[in-house]
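A.B. asks: Mind having a look at this structure? Questions to follow.
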Amino acid sequence: MPEAPQRATRQYRRRLSPIWIVPLVAVLIGLWMLYDNLSGLGPTITLQMKNAEGIEAGKTLIKTRNVEVGRVEDVTLSDDMSHTVVTARMQPDTERMLNDDARFWVVKPRIDREGISGLGTVLSGAYIQLLPGHGDEPQRDFDVLDQPPVAPPDAPGIRINLVSQVGSSLSAGDPITYQGFTVGRVENTEFDPDEKEMRHRLYIQSPYDVLVTDTTRFWVSSGVDLRLNSQGFRVNVESMESLIGGGVTFGVPEDVEMGQPAEPEATYQLFGNEESAREGTFDRYLDYVLLVDDTVRGLSHGDPVEYRGVRVGTVETVPWHFAAPQPNALDRFAIPVLIRIEPQRFDDTMQDFDADEWRDRLQGMFEHGLRATLKRGNLLTGALFVDLNFHDDPEPYEPLTFEGKKVFPTTTGSLAQIEEKVSNLLDKLNDVQIEPVLDSLDETLTTTQNTMQQVNEIADSVDALLDDPATRELPGNLNKTLRQTRDTLDGFSPDSQGYRELNDTLSRLESLMRDLQPVARTLSEKPNALIFDSEDAPDPQPRAPRQ
């Protein structure tokens, strides 16, 4: 073998010296450890929250059912510094939990209407709670909730939406009650600036979700409902929780069918109170305008329109288009009031509603004397209501319109009539000649003064008589006379000597009278018996008359 190839072979063998095997094995082990470490790491997630209070990088844990499933690695501010960005490393077996239904929130000490929670974090520190989701879309970026969720997304029950005007004081966690029993919670609430209304999302737990139907009405439960209006004084008290924090209650109005079960994510209107919810069922009505000549002080939105004590409608607006020209502006300047006649109050099951037919019916009643008046419904508050009734000899009915609405004919109310009578009385009083009355009053006062002077003189005379010593001795003399009379009467008692002597005398007198009875009888028969002796004469013999 040539010398040059042999030299090259020896050099190559020197390069493949066994000493190089050690670093090569070390590199392979390092690569394997790196792979094993990377393959054993869980996914990285990003959490966005308003502030990082209680959150510390490398210490704050992420838990599910009090089991550690991750740890916070980094806490930074967002690029626009409007919120906090938290980076956390999850454990390898948590991918199935991280989807579009997962929820995160910070567990820390809280005091709310449901009590005190999170006291265990006082010593251990705050941690992030994960509520695993069951969605189909994996997700790695999440928004941390300000409050714990009311229920998991897949919890049995129903979720619905409420729409209300600005001013409803509801917040997440407020109770939803049915006849005073809590059946759900408000999940979240937000304001829609475009529609200028509040939107609330409610969760009603099973099995109470069957209580929600397409005829259900929702209203705000403020704890205490205090009302003083034309219908009187009423107080309604809800649960203590609602009294403290408010809430929502619901139900089906009376005389309304239960309806079909509600669909998930259905939208309902939130009313301010139960009465408004009840009135909301009357969605078919006729609009009329009252041109009122009387004062409308005490009449407001929602007051009843009654026909002989039965409610048939509602006052809608007071006043309505006050500055609009009136059909008879030359004769008067009335206050327009918009009312609604609600035929559904007569029949809640009304299916077919023909507005023209009802208007023709009412017009016929107008021609027969149906008129509207304002009456006092509550003397304490001065609240008014609209009363409909038939009147004798009313002003002839003339069809009128005001701002496109038909005019409901009116007549002067009892209050205006009283004011007119009072005004007439004052006019009569003004016509009364007061000077003769005043002169007569002066004479009467003078006579009264003289009479009082005489009374004073008599009183002085009585005082002088009472001060006389003889008058003072009169009671003693009277007592002495009474004692003597008593002693005299005591002498005629059954046990006294005089009574016995009188009794004996009367007995002897009675005996004497018995003895004198024959003498008195003889004298009665023969008055001369005391002078002539009493001899028996022979019986007379009858004789014939002489010829």
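A.B. asks: Out of D141, D74, D101, D79, report the one residue that is of a type in the set (D, E, K, R), open to solvent by less than 80 Å² (accessible area, probe 1.4 Å) and at pLDDT 85 or above. Write out each step before concluding.
C.D. replies: Details: D141 fails: open to solvent by less than 80 Å² (accessible area, probe 1.4 Å); D101 fails: at pLDDT 85 or above; D79 fails: open to solvent by less than 80 Å² (accessible area, probe 1.4 Å).
Within the list D141, D74, D101, D79, the selection yields D74.
A.B. asks: Restricting to the stretch 151-169, give me the number of residues that are of a type in the set (V, I, T) and at pLDDT below 80. Show your work before the answer.
C.D. replies: Taking the stretch 151-169 as the starting set, the residues that turn out to be of a type in the set (V, I, T) are 158, 160, 163, 166.
When the remaining residues are screened for being at pLDDT below 80, the result is 166.
Residues flagged as of a type in the set (V, I, T) and at pLDDT below 80 within the stretch 151-169 amount to 1.
A.B. asks: Is it true that some residue in the stretch 45-57 is surrounded by 11 or more Cβ atoms within 10 Å (Cβ to Cβ), among the polar types (S, T, N, Q) and touching a Lys or Arg at 6+ places or on another chain (Cβ under 7 Å)?
C.D. replies: Checked the stretch 45-57: at least one residue is surrounded by 11 or more Cβ atoms within 10 Å (Cβ to Cβ), among the polar types (S, T, N, Q) and touching a Lys or Arg at 6+ places or on another chain (Cβ under 7 Å).
A.B. asks: May I pose another question? Based on what the data block shows, is L123 open to solvent by 60 Å² or more (accessible area, probe 1.4 Å), part of a loop (DSSP other than H, G, I, E, B) and at pLDDT below 75? Show your work before the answer.
C.D. replies: Details: open to solvent by 60 Å² or more (accessible area, probe 1.4 Å): yes; part of a loop (DSSP other than H, G, I, E, B): no; at pLDDT below 75: yes.
So L123 fails the test.
A.B. asks: Kindly indicate whether R217 is modelled with pLDDT of 85 or more and open to solvent by 20 Å² or more (accessible area, probe 1.4 Å). Steps first, answer last, please.
C.D. replies: Working: modelled with pLDDT of 85 or more: yes; open to solvent by 20 Å² or more (accessible area, probe 1.4 Å): yes.
Taking the combined requirement at face value, the residue satisfies it.
A.B. asks: Would the stretch 339-356 turn up any residue that is at pLDDT 90 or above and over 28 Å from the mean Cα position of the chain (by Cα)?
C.D. replies: Taking every residue of the stretch 339-356 in turn, none turns out to be at pLDDT 90 or above and over 28 Å from the mean Cα position of the chain (by Cα).
A.B. asks: Another question about this same structure. For the stretch 369-404, give me each residue that is touching a residue at least 60 places away in the same chain (Cβ under 8 Å) and loosely packed, with under 14 Cβ neighbours inside 10 Å.
C.D. replies: L380, G382, T401, E403
A.B. asks: For R199, state whether it is assigned to a strand (DSSP E or B), open to solvent by 80 Å² or more (accessible area, probe 1.4 Å), at pLDDT 65 or above and touching a strand residue (DSSP E or B) at 6+ places or on another chain (Cβ under 6 Å). Spell out how you get there, then give the answer.
C.D. replies: On the way: assigned to a strand (DSSP E or B): yes; open to solvent by 80 Å² or more (accessible area, probe 1.4 Å): yes; at pLDDT 65 or above: yes; touching a strand residue (DSSP E or B) at 6+ places or on another chain (Cβ under 6 Å): yes.
Judged against the criteria, R199 is a match.
A.B. asks: Taking the stretch 296-333 as the region of interest, how many residues are under 24 Å from N378 (Cβ atoms), in a loop (DSSP other than H, G, I, E, B) and open to solvent by less than 70 Å² (accessible area, probe 1.4 Å)?
C.D. replies: Restricting attention to the stretch 296-333, the residues satisfying the condition of being under 24 Å from N378 (Cβ atoms) are 296-320.
From the residues that got through so far, the ones that are in a loop (DSSP other than H, G, I, E, B) too are 296-303, 308-309, 318-320.
Checking which are open to solvent by less than 70 Å² (accessible area, probe 1.4 Å) leaves us with 296, 298-300, 302-303, 309, 318-320.
Count: 10.
A.B. asks: Next question. Please find, within the stretch 63-110, the residue that is nearest to D136 (Cα to Cα) out of those that are small (G, A, S) and in contact (Cβ under 8 Å) with a residue 40 or more places away in the chain. If you could, list the steps in order and put the result at the bottom.
C.D. replies: As a first pass, look at the stretch 63-110 and keep what is small (G, A, S): 70, 78, 82, 88, 102.
Remaining after also requiring in contact (Cβ under 8 Å) with a residue 40 or more places away in the chain: 70, 88, 102.
Numbers: G70: 21, A88: 22, A102: 11 Å.
Step by step, filter the stretch 63-110, then rank; the result is A102.
A.B. asks: Somewhere in the stretch 167-182, is a residue crowded, with 17+ Cβ neighbours inside 10 Å, of a type in the set (G, A, S) and in a strand (DSSP E or B)?
C.D. replies: No, every residue in the stretch 167-182 fails to be crowded, with 17+ Cβ neighbours inside 10 Å, of a type in the set (G, A, S) and in a strand (DSSP E or B).
The values are calculated or read from the model by the stated rules, or taken from the named source; none is laboratory data. Keep in mind it's a predicted model, so treat the numbers as computed, not measured. Here Cβ is always computed from backbone atoms with ideal geometry, including for glycine, and neighbour counts include all displayed protein chains. Note: accessible area is taken over every heavy atom of the protein model, side chains too, but ligands, DNA and RNA are not part of it. Shrake-Rupley method; radii C 1.70, N 1.55, O 1.52, S 1.80 Å.
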